[in-house]
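Participant: Here it is: the structure, laid out below.
Just so you know, all these numbers are worked out from the coordinates, no wet-lab data involved. Given the structure is predicted, the values throughout are model-derived calculations rather than measurements. Note that each Cβ is placed from the backbone with ideal geometry, even for glycine, and that neighbours are counted across all protein chains shown.
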Amino acid sequence: SAYLELQGIRKQFGNTNVLNHVDLQIHEGELVTLLGPSGCGKSTLLRCIAGLTDIDGGKIILEQKDIVNLAPRNREIGMVFQSYALFPNLTVSENIQYGMKMRGASKGERRNRSEELLALIDLEDKRDAYPRHLSGGQQQRVALARSLAVQPKVLLLDEPLSALDAKIRKNLRTEIRDIQRKFNMTTIFVTHDQEEALIISDRVCLMNKGSIVQQGTPEELYTTP
Ligand code: ADP
Ligand code: ADP
């Protein structure tokens, strides 16, 4: 059965239907990409799953429980945005530890986890640096580590690579895929870049005008017989 299941998600802004009864099932450890043109509702769908936007109808079932009425911080869902959105006045390690601190983790626990994640993203030498002293790619790796620090059940990545230049983008997408596999992290990755979707995904969902219009593995969608 599905680990995360969206059932008939609807969202309107004013009179415009931005999401039209979106259904989606995701298995544990799967990386699913939402691919579609700008404005088709990808970000809105992620924000609805994270609880940052209220839905007008539907269910969001995580491990058999409907999480629609839970506040964002109780949903156990991590999100990384296109703009890294690190806290500028906190160091890299403080940024990574922020969510754990909010949840009452001990200092020792926080430090251990932060060091583990810094090693994973290969930024141990930047632990005491401030975000403004990091490159875009480094900042995005810290944003990823910060999301993982609280051990979410699901990770939502909203165009995490699109602000970066081409070479860094390719390196980082490989890195994201490696980390996702290593943690067996159930992930939804949003992009409007077809090549990126094909390379990174277990499954691709094509979105258009607020609906998922087709889905399959990269091979199923893009291999012509
Ligand atoms: P995508 O991520 O695919 O580019 P979005 O989810 O950002 O698409 O946007 C889908 C549509 O919803 C767009 O037409 C956008 O302008 C509109 N929209 C998004 N957020 C809001 C909002 N807070 N208020 C009104 N309209 C919005
Ligand atoms: P992106 O294209 O990167 O998905 P947008 O520029 O569409 O992001 O949206 C940036 C912010 O503005 C989001 O918080 C979104 O909800 C909001 N927004 C987008 N479109 C509208 C709109 N038509 N009216 C009000 N808010 C909007």
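Participant: Give the residue from 77, 50, 12 lying farthest towards the positive end of the charge dipole for segment 1-82; charges sit on Cβ (+1 for Lys and Arg, -1 for Asp and Glu) and the dipole is referred to the Cα centre.
Facilitator: Toward the positive end, the furthest listed residue is 12.
Participant: Determine, at each q value in 0.12 (inverse angstroms), the log₁₀ of I(q)/I(0) that the Debye formula gives when each Cα of the chain is one equal point scatterer.
Facilitator: For the chain at q = 0.12 Å⁻¹, log10 I(q)/I(0) is -0.65.
Participant: Continuing with this model, one more query. For the Cα atoms of the chain, what angle does the longest principal axis make with the long axis of helix 107-120, in degrees from 0 to 90, nearest 10?
Facilitator: That helix lies at roughly 70 degrees to the long axis.
Participant: Under unit Cβ charges (Lys, Arg +1; Asp, Glu -1), what dipole magnitude, rounded to 20 debye, does segment 114-225 have relative to its Cα centre? Don't jump to the answer; show the numbers that get you there.
Facilitator: Working: 15 positive and 17 negative charges, 40 e Å.
Dipole magnitude for segment 114-225 comes out near 200 debye.
Participant: Now a separate question. Treating the angle as unsigned and between 0 and 90°, give the value, to the nearest 10°, between the Cα long axis of helix 166-182 and the longest Cα principal axis of the chain.
Facilitator: Helix 166-182 and the main axis of the chain meet at about 90 degrees.
Participant: Treating the angle as unsigned and between 0 and 90°, give the value, to the nearest 10°, between the Cα long axis of helix 136-149 and the longest Cα principal axis of the chain.
Facilitator: So the inclination is approximately 80 degrees.
Participant: Considering only DSSP beta bridges with both partners in segment 125-225, what is the antiparallel share in %, to the nearest 5?
Facilitator: 50 percent
Participant: What is the magnitude of the charge dipole of the chain about its Cα centre, with +1 placed on the Cβ of each Lys and Arg, -1 on the Cβ of each Asp and Glu, and no other charges, expressed in debye to the nearest 20? Working shown, then result.
Facilitator: Numbers: 29 positive and 28 negative charges, 133 e Å.
Magnitude of the dipole: close to 640 debye.
Participant: Using a Gaussian network for the chain with springs between C-alpha atoms less than 10 Å apart, which of these wobbles most: 120, 19, 206?
Facilitator: Taking springs between Cα atoms under 10 Å, the residue moving most is 120.
Participant: Moving on to the next point. Over 21 Å between Cα atoms: which of 101/153; 126/153; 42/101; 11/42; 42/126 fall into that group?
Facilitator: Numbers: 101/153 18 Å; 126/153 27 Å; 42/101 30 Å; 11/42 12 Å; 42/126 33 Å.
126/153; 42/101; 42/126, as the Cα separations exceed 21 Å there.
Participant: Which residue, 15, 208, 89, tops the fluctuation ranking in a GNM of the chain built on C-alpha contacts under 10 Å?
Facilitator: 15
Participant: What is the sum of charges, Lys and Arg at +1 and Asp and Glu at -1, for the other residues whose Cβ falls under 14 Å from the Cβ of residue 111?
Facilitator: Numbers: positive: 101, 107, 110, 113, 127; negative: 94, 109, 115, 116, 124, 128.
Neighbourhood net charge equals -1.
Participant: Roughly what would the spin-label model give for residue 170 and residue 101, points 7 Å off Cα along C-beta, in nm?
Facilitator: My value for the distance between the label points is 3.9 nm.
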